[in-house]
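Nothing in this text is a laboratory measurement; each read-out follows from the coordinates by a stated rule. Small disclaimer: the values here were computed from a predicted structure and weren't measured. Methodologically, a virtual Cβ is constructed for each residue, glycine included, from the backbone with ideal geometry; neighbour enumeration extends over all protein chains shown.
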Amino acid sequence: MESIHTISMAVEQQQCNLSEGSIRLYHLHESLPIDDKPDYESHYPGLYALYAKVSDLPTHEARDKLSTLERKTQDVAREALESELESQILKDVAKLRAFTP
């Protein structure tokens, strides 16, 4: 839980970009060792929507292999999604910071 709270705060304070935060928070939430965890998609719709859109984008070496144009195209699309979902994501991370199992 501490990692979820820390990343949520980093997203709120713009120390972690929204895409990276959404991916990290999704995986941390899914790995919580509790039986009755809230449904991520319905409780955190902004985070889930961004995660669902960006989780398949190439990273690290695979991203390095893309052409400059392909990387730029993906960056523009990702940034547009982040902008569109930002207000909901900020609400979602506030809920996550308050979440205790």
* Only one of the listed values, (i) 25.4, 81; (ii) 14.1, 45; (iii) 17.0, 55, was derived from the coordinates as Rg and Dmax of the Cα atoms in Å; which label is it? -> (ii)
* Asked: What is the extension gain from THR59 to GLU2, computed as 0.36 nm multiplied by their sequence separation minus the C-alpha to C-alpha distance, in nm to one decimal?
  -> 18.0 nm
* Return the whole-Å distance between the Cα centroid of segment 50-70 and the Cα centroid of segment 1-47. => 21
* **Using alpha-carbon coordinates, inclination of helix 2-12 to the longest axis of the chain, degrees** => 50
* To do: Please state the charge dipole magnitude for the chain, taken about the Cα centre, from unit charges on C-beta atoms (+1 on K and R, -1 on D and E), reported in debye and rounded to the nearest 20.
  => 180
* To do: Measure nothing but the geometry: give the 0 to 90° angle between the long axis through the Cα atoms of 45-54 and the longest principal axis through the Cα atoms of the chain, rounded to 10°.
  => 30
* **Vicinal HN-Hα couplings computed from phi for segment 58-68 (Karplus, 6.51 cos²θ - 1.76 cosθ + 1.60; Hz; Gly/Pro x)** => x, 10, 6, 4, 5, 5, 4, 7, 6, 6, 4
* In degrees, nearest 10, range 0 to 90: what is the angle between the Cα axis of helix 18-30 and the longest Cα principal axis of the chain? -> 40
* Report the residue, chosen from ILE89, ILE23, ILE34, that carries the largest GNM mean-square fluctuation when the chain is represented by alpha-carbon nodes joined by springs under 10 Å. => ILE34
* To do: Among the lysines, select those whose C-alpha is under 28 Å from the C-alpha of LYS65, and discard any that sit fewer than 8 residues away in the same chain.
  => LYS53
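Run the helix sum for the chain: -39,500 (n - 2.57) per DSSP H stretch of 4+ residues, divided by residue count, reported at 222 nm to the nearest 500 deg cm²/dmol. Each step should come with its number before you reach the end.
Details: 6 runs with 74 residues, N = 101.
Helix-only estimate at 222 nm: -23000 deg cm²/dmol.
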